[in-house]
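Working notes, beginning with the structure itself.
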Amino acid sequence: MNSIPSFGFRRDLPRWRHLVTPGWLAQFADGARLFEVGCGAVDTFAAGHIPGAGYLDTAWFEHGPLWNKVPDAALLRVLLAHGIRHDVTVILYGRNVLAAARVAHLLLYAGVADVRLLDGGFAAWQRAGLPLEGGPPRPGAAACDFGAAFPARPGYLYDMDRVRGLLRHGRGTLASIRTWNEYIGRTSGYSYIEARGDIPGAAWGRAGEDGDVNSMAAFHLADGRMKPAADIARMWGSHGIHAGRQTVFYCGTGWRASLAFFYAWLMGWDDIAVYDGGWCEWSRDPDNPIVRRIDGQESDSESASAAG
C-alpha cells in the first residue's frame, strides 16, 4: 500500500500514510480491515455506513465506572474476533472521531503496525458525496493468533502510579487535553464526575468548546479535518508541550487524550502515552492532590476528597 499516490495526503506529517482521505479510501483500501467505531450505535451503523466497513463498539474496549481499557486478555479477544493481527492494516472512522481515536490508540498499544484514521471521519465521507450501504455488521473471518507479543507497546498507556512517578521525578510533561473551564476547575466537564479541578503540574494541551467534551475544535479545521501540524505544535509549544520530551496526554476519560496522542504520533512524536484513567480516576482517589487555577496560575493544592 506504500506505493499508492498521495490523494491529498498530508505531507507535513511524518506518518502521513496513517491519516487517510475519503478519495483514497474509496479507491485503494483493498486488503485492509475497515471499521466504523461507535458507542452503542450499531443501529445507526445499520442505517448507512461506508461500504465494506465492520463495526467496533467502544464498550468492547473500555468499561465503567472509570472507563479504563479492558484487561489485556479481553482486548486481545476482541481483536482476534474481528480478524485483527499485528500485521493487518486497520482503517478506522467514526461519526464521532474521538471514538475512533480511542480505539486507534489501543490498537497501537496492542501492537498493530498499520493503524489509519479517516481524516474528518464519517462526515468527510458524506461531504465527498460517496456512497453508503445499509445493513447490520457482517462478521468477518476471525484470527487465530495475534502473531506478535501482546501488548507490543505497553509504554503507550500510563496508569495512575506511572503518572505519579512522572510528576514526582519531573522528567516528562503531563498534558491536560481538556477545556479551559475544566483545566481551571470551574467545571468537571462531565455529569458523572463530581470533582472539579485538575492534576497539579499539568500543562494545558487544549481541547475544544467549553461545555462539550466531544469537541476538539482547537485541533480541527472548520470541516473537522486535522489542522496543520505546525499549528498544533505551535499551540502546544506556547503551553510548554514540546516534541522530544516525554509527553503523557489525559482528559476526563480518555477519548480526547487519544486523539491528541494520535495526532502527536502522526507528527512524529515518539515518547508519548495516554493516561488511561484521566481526571475521572485521579479525582476519585483521596490521596491524590488536585489544583484549581486562577488566571492560569496554580492555586494551593488540595486533596481529591475535598474537591467536590
In terms of the ratio Rg/(2.2 N^0.38 Å) built on C-alpha atoms, what value belongs to the stretch 154-306? 0.96
Could you tell me how many degrees, from 0 to 90 and to the nearest 10, lie between the Cα long axis of helix 72-81 and the main elongation axis, the longest principal axis, of the Cα atoms of the chain? 20
Computed helical MRE - 222 nm, the chain, DSSP H runs ≥ 4 contributing -39500 (n - 2.57), nearest 500: -7500 deg cm²/dmol
Which entry is the computed Cα extents along the principal axes in Å for this structure: (i) 65, 44, 31; (ii) 62, 38, 35; (iii) 56, 38, 35? (iii)
According to a simple spin-label model (label point 7 Å from Cα along Cα-to-Cβ), what is the distance in nm between residue 15 and residue 287? 3.3
Relative to the present Cα-Cα distance, how much length would full extension add between residue 187 and residue 235 at 0.36 nm per residue of separation? 15.0 nm
Using the Cα gyration tensor of the stretch 117-165, with a ≥ b ≥ c the square roots of its eigenvalues, what is the shape: rounded (a/c below 1.5), prolate (a/b larger than b/c) or oblate (neither)? oblate
I want the antiparallel fraction of DSSP beta bridges within the stretch 16-127, as a percent rounded to 5. 10
Looking at the calculated P(r) for the stretch 16-127, what percent of the C-alpha pair distances fall above 19 Å? 40
Work out the FRET efficiency for residue 159 and residue 47 from their Cβ-Cβ distance, taking R0 = 30 Å, and round it to the nearest 0.05. 0.20
Rounded to the nearest 5, the percent of DSSP beta bridges in the stretch 154-306 running antiparallel is 35
Please check which bits of the stretch 269-291 a label hung off residue 194 would reach, taking the label as a point 7 Å along Cα-to-C-beta and the cut-off as backbone N under 11 Å. 284
DSSP-defined antiparallel bridges as percent of all bridges, the chain, nearest 5: 25
Could you give the dipole magnitude of the chain about its Cα centre, charging the beta-carbon of Lys and Arg +1 and that of Asp and Glu -1, in debye to the nearest 20? 640
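Bear in mind that the values in this text are calculations on the coordinates, not laboratory data. For clarity, every value in this text was computed on a predicted model and none was experimentally measured. Neighbour counts run over all protein chains shown; Cβ positions are idealised from the backbone, glycine included.
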